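**Q** Can you read through this structure? Questions will come right after.
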Amino acid sequence: MASSAAMTRATPFSYACGRCSRCCRDKGIMLNPYEVLRLARNQGLMTTEFIARYTDRAGTRLRQRNDGSCVFLGAAGCGVHPDRPLVCRIYPLGRHISPENEETFSELEPHPQTEGRYGTEGTVGDYLEAQGAEPFLQAADRYLNLFRELADSVAERVERLEAPEREAD
């Protein structure tokens, strides 16, 4: 069902999870600070303890078990479902932000044995709302803007450092 065409919030789309947990395996789930905080609170931990116990890459990726499953996947499914990260929350969609801050979505390739059901009964926007995605989207946007500001600042500093070299030429 994966689509390479860019989708917007107005694009017809629906997805009903079959709770098969196949999407909870072999995925690198990246985290931002908002998601770390939500998950830490869910587990009753301070963020530093949560990061040490449940993440890799200095707190930026959710840890996986040896079999590739998410550290929070249990027999009954997701153990942190109310506070699941954005990428889990909007699955099977991927969200893309252009340099001009234009938002598009794409359908991710599903597991070949997924029990999820795809359709067109609503829109991408309806799906995001049903998943409670808005606070997570806003946090992701703030984090992205912070990185852009940092990258711009570094580029400006590099340019200032290189300016005397160009003047000497």
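The values are calculated or read from the model by the stated rules, or taken from the named source; none is laboratory data. The shown structure was predicted, so the numbers you read here are calculated from the model rather than taken from an experiment. Note: ideal-geometry Cβ built from the backbone for every residue, glycine included; neighbour counts use all protein chains shown. Note: areas computed on protein heavy atoms with side chains; ligands, DNA, RNA excluded. Shrake-Rupley method; radii C 1.70, N 1.55, O 1.52, S 1.80 Å.
**Q** Pick out, from the stretch 80-166, the strands (runs of 3 or more DSSP E) lying fully within it that include 2 or more residues that are of a type in the set (A, V, I, L, M) and in contact (Cβ under 8 Å) with a residue 12 or more places away in the chain.
**A** 93-97
**Q** Exactly one condition in (1) open to solvent by less than 60 Å² (accessible area, probe 1.4 Å); (2) of a type outside the set (A, V, I, L, M, F, W, C); (3) under 18 Å from the mean Cα position of the chain (by Cα); (4) under 24 Å from Asp126 (Cβ atoms) is not met by Arg38; state its number.
**A** Checking Arg38 against (1) open to solvent by less than 60 Å² (accessible area, probe 1.4 Å); (2) of a type outside the set (A, V, I, L, M, F, W, C); (3) under 18 Å from the mean Cα position of the chain (by Cα); (4) under 24 Å from Asp126 (Cβ atoms), the one that fails is (1).
**Q** Taking the stretch 87-117 only, how many residues are over 24 Å from Asn32 (Cα atoms) and open to solvent by 50 Å² or more (accessible area, probe 1.4 Å)?
**A** Residues that pass the stated criteria total 5.
**Q** Just to be sure, is Arg57 open to solvent by 30 Å² or more (accessible area, probe 1.4 Å), within 22 Å of Pro135 (Cα to Cα) and of a type in the set (D, E, K, R)? Spell out the reasoning first.
**A** Numbers: open to solvent by 30 Å² or more (accessible area, probe 1.4 Å): yes; within 22 Å of Pro135 (Cα to Cα): no; of a type in the set (D, E, K, R): yes.
Answer is no for this residue.
**Q** Within the stretch 17-34, can you find the residues that are part of a loop (DSSP other than H, G, I, E, B), open to solvent by 70 Å² or more (accessible area, probe 1.4 Å) and either over 15 Å from Val80 (Cα atoms) or free of Cβ contacts under 8 Å to residues at least 12 places away in the same chain (or both)?
**A** Within the stretch 17-34, the subset part of a loop (DSSP other than H, G, I, E, B) is 17-21, 26-29, 31-32.
Applying the additional criterion that residues be open to solvent by 70 Å² or more (accessible area, probe 1.4 Å) yields 17, 19, 26-27.
Listed by number, the residues that qualify are Cys17, Asp26, Lys27.
**Q** Glu49 is checked against (1) in a loop (DSSP other than H, G, I, E, B); (2) open to solvent by 70 Å² or more (accessible area, probe 1.4 Å) and fails just one. What number does that condition carry?
**A** (1)
**Q** Right, here's the next one. Here is a list of conditions, (1) out of contact with any Pro (no Cβ under 9 Å at 6 or more places or on another chain); (2) surrounded by fewer than 16 Cβ atoms within 10 Å (Cβ to Cβ); (3) closer than 30 Å to Ala40 by Cβ, and Arg148 meets all of them except one; can you say which number that is?
**A** For Arg148, the failing item is (1).
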